[in-house]
Amino acid sequence: MDSRLRYWDIRHVSGEHTGIDIDNGEIESAGVTFFSKAIIRALGPRGWGIVAVSPFDPDDKGALRDYLLRAEKAAVVTAEDVVLADAPDRKPLPVPPVKEDPTKVPLEEKGALLMQITDAAKLPGVSNTRGTYTERFEAVTFLDSTGYEASYTTCRSGFSVMAVAKQNGTMQMGYIRDHSIDGLNLRGRTEDGIKAGTRAVALLNARAVKGGRMRAVLDPELGGVFAHEAVGHASEGDLVKDGASVLKDQIGSTIGSHIVTIIDDPTMHAFGFEPLDAEGVAGRRTAIIEAGVMKRFLHSRETLAAVGNGDSGHARAMPGDLPIVRMSNTYIAAGDARYDEIIEECRDGILLGGSRGGQVDPGRGVFQFNAEFGYLIEGGELTEMVRDVSLTGEILSTLHAITLCGDDLRMHPGYCGKGGQSVPVSDGSPHLLLSEAIIGGSGDA
Amino acid sequence: MHKEVISDIIETGLKYADEVEVALLTSESVSIEMKRSVPAYAGESFGTALIIRVIDSGRIGSSGTSTIADWRVCLDSAVSSAHLAEPVPWGGLPDPVSLKGGSLSYDSAVKTDPDIAHTFCNRLLEGASVYPEAEVVGGGAGLSLGSVILANSCGICYEEDHSSVSASLETIAGQSTGFEYDRSYSLDIDPFEIGRRAAELAQTSQHGVPIETGIYDLLLSPMAFAGLCASLLSSALNGRSVHMGRSFLAEKLGEVIGAEHLSVIDDPFYPGGLGSGRFDAEGVPTRENILIEDGVLKSFIYDLKTAYRFGKESTGNAQRGGLGGGVTIGMHNMVFCGETMQEPGEGRCISINDVIGAHTANPLTGDFSVEVQNAFIMEDGVVQEPVRKAMIAGNIFDMFGQMTGMGRTPRRVGSVIVPAVRIDGMRLVG
């Protein structure tokens, strides 16, 4: 369109978001919103000019020309010399077959199914239940200045159920969630409601731990959060490029025990799957750490060209937002230890389970995450239940503390926030034994 | 033109429902984002959103769309949504009243001008250069303008404009990081000071010393305090959580829940507050709500639906952003006041600028354990050595009782307004 633009692309996402909110057995709200958003990126002589628009009308060719002119003008103040690496894989990966298309199921029926799950959480001792359902149907079209064009649709859906239990003035909650990319996941899930209710009641009698350094076992959900927070973020090419990651000079170094292999795989048919990343590049499985050795970074085309050592296809974006380097499906590969063996080997310590989220400062190399529940391990056996336990550590030393990796890898879906954008991901791990962990808790004994 | 569409929507909507409410939001912005110290992205954005709510026999339905021309689809969707919702004893949308004054969080001097953003970026870098050991990792500046038209079938048609100016900078010195930002509705932010502070934090946090696990007195910066406490306290004061049995404070109205000098007010008229506004998302005129006064829990906050349902009055705290275009309950400007100390860092304490993992606190009970960020040992208000690593553990509601006093100068952290807070006797894991 204009010779001064070295490159441009446009990513247009239109679709519908559906939400159902059930509070204490009543449908509080249930509705659908519609959107059509686009982001236009144009590479001027130096850096990027960006235009984000909502709504975007793909049939209005005049508007696109106008946006490109605006982006070109905006780019004038940029001074970074942006170079894009070649993108060899541009054929969208096949979207996993959908078992039951959520968009074809009436809202009333989805509401009734969610009601069954939340009702199941109402066990004796439970004073409040809440359930939410979210569904995001998105039609994505990508077009760039090389004439490349691709489009696909995805539908992600899932639910969460929460139970609050009360006893003698104390309150605790149990929370279960599951999200899917391959179809409606609301049928036959009342067990999840029961699980949330059971956990809330059980936590009433759990005590807060006194923090300190101890041996710890992480369950697969929390082990996944550990992989995500402690390693995943710091291996993102944009942070490496800007000098904001402690992993920046670590390619080829041993940064963990030899049993640790950590992978990010956007091609895996889990919640973080993308047929094509937000720059129109097909994702690729990237082994970040292999047998304790730092191997590869996650990249966009731009960070690959600037940093090297890794794969593009990891740029992701919310509809109408700028692509940034993100994880997709991140996991610690399975080892060969059995669960019983891990608990026995721990002898005295703590088992942490379920995730209330985490955060990392990749530049400082310090991360934190919180468990939903835990059990003390005494003499190689699980004993008392504990609550409100968290774990912190330093990226460059903690991975050496993994002394056993279980054979029971499981993935857990969720959302990850970075740069004000939230994208669907999954994290996973087998059970892990850490020979020393810094555990935080608000208890006195 | 927008107002015509809005009248059409209300007129058509009344064929299907008792009441109709339409919100039309428009926004535009410019921003420049630096990678290291170089402008790498410069952009602008334009957005429109239409949100329709209908109420029929106490059933509330909602929908939203970014394409105004598609309002009929949106209206149909809102009507179907209402069919599904459980009815509440609804007492009607508000009637129009005369609102005094103009938009509260709007400054007509704010323009979406990239040159201003560019100047701010340069000032950020100049500020950072005061501490040469700190390298700039990234940052940027942005300006945005927005407007809301809210109309309903009772005759309300209110308009309000918003403006926003923000700048932030991220720095690193060795493995020590620093971050600072500010956001205002006017051009009164000081990008030089933001840059200087971000670099100071990174440079002075280097060579941290280990500390012993034990009980310490803490001085939490406004950022650390707001990060830990604000969203949790706000949801515990949310009328819906209270009446549904999901709030720690549910049965504590009239009880002492904090230090006797602590007061917390939701003030929609706070000068310079980012959450200031004359009416809420349902068109209810806003008002000052005293939530905690002299340590005693005074009131909760409500939207119309929750108020009608539980025999209360809306406190003007409906906010947009619920699932499927619905409203939720939220604060405007949450202002914390307490006894101001001559020197909040008196004696020996640990000064904490920020925390990692604030959002992982138990949303129900307030129990938390988080990692400190840019923490320093402090003697009589003077910063000594940086702390390498430590976790604070405790309970947010207990912490309100352990507040010894506050600094003199409140700071705006998003829509929270709070000075530094001194909290004695907290546990740190070193």
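Some notes on this structure:
- Cα gyration tensor shape of chain A, rounded if a/c is under 1.5, else prolate or oblate by comparing a/b with b/c: oblate
- Residue-averaged beta-carbon neighbours from other chains (10 angstrom radius) around B:20-32: 1
- Rounded to two decimals, the Cα-based Rg/Rh of the protein assembly as shown, with Kirkwood Rh, is 0.94.
- Around the Cα centre of the range A:1-153, unit charges on the Cβ atoms of Lys, Arg, Asp and Glu (plus for the first two, minus for the last two) sum to a dipole of about 540 debye.
- FRET efficiency, residue A:204 to residue B:76 (Cβ-Cβ, R0 51 Å, nearest 0.05): 0.65
- Dividing the convex hull volume of the alpha-carbon atoms in the range B:2-201 by its residue count gives 159 Å³ per residue.
- Database remark: amide H of residue B:385 closer than 5 angstrom to the amide H of B:377 (H placed geometrically; neighbours at sequence offset of 5 or more, or on other chains; Pro and chain starts carry no H).
- Residues of the range A:187-208 with amide N under 16 Å of a point placed 7 Å along Cα→Cβ from residue A:116: A:187-195
- Normalised alpha carbon radius of gyration of the range A:208-442 [divisor 2.2 N^0.38 Å]: 0.97
- Mean Cβ neighbour count within 10 Å, used as a protection proxy, ranking B:216-223, B:166-173 highest first: B:166-173, B:216-223
- Sorted by Cβ density within 10 Å, fewest first, the residues B:233, A:93, A:404: A:93, A:404, B:233
- Number of partner chain Cβ atoms within 10 Å, mean per residue of B:175-182: 3
- Computed on chain A, with alpha-carbon pairs under 8 angstrom and 6+ residues apart, the relative contact order is 17 percent.
- Among B:98, B:57, B:276, the order by Cβ neighbours within 10 angstrom, fewest to most, reads B:98, B:57, B:276.
- Whole-Hz ³J(HN,Hα) from phi, Karplus 6.51 cos²θ - 1.76 cosθ + 1.60, for the range B:274-283, glycine and proline x: 6, x, 5, x, 8, 9, 8, 5, 10, x
- For residue A:419, residues with placed amide H under 5 Å, excluding near neighbours: none
- Alpha-carbon Rg/Rh ratio, for the range A:1-114, with Rh computed the Kirkwood way: 1.16
- In plain terms, the chain from residue B:28 to residue B:11 could stretch by 3.2 nm, reckoned as 0.36 nm per residue minus the Cα-Cα distance.
- Whole-Hz couplings from phi, Karplus 6.51/-1.76/1.60, listed for the range A:229-246; x for Gly and Pro: 7, 7, 10, x, 4, 5, 9, 6, x, 5, 5, 5, 4, 8, x, 9, 10, 5
- Karplus-derived 3J(HN,Hα), 6.51/-1.76/1.60, for each residue of the range B:233-247, Hz, glycine and proline x: 5, 4, 6, 6, 9, 5, x, 5, 4, 4, 6, 8, x, 10, 10
- Sorting the Cα pairs of the range B:208-430 by distance into bins of 10 Å, from 0 upward, gives 9, 33, 34, 17, 6, 1 percent per bin.
- Cβ-based exposure ranking for A:64, B:14, A:352, in which fewest neighbours within 10 Å come first: B:14, A:64, A:352
- Distant alpha-carbon pairs in chain B (separation over 37 angstrom), percent: 32
- Close amide H partners of residue A:410, meaning residues 5 or more places away or on another chain with modelled amide H under 5 Å apart, are A:429.
No lab work stands behind these numbers, since they all come straight from the coordinates. Computed from a predicted structure; not experimentally measured. Note that we place each Cβ from the backbone using ideal geometry, even for glycine, and neighbour counts take in every protein chain shown.
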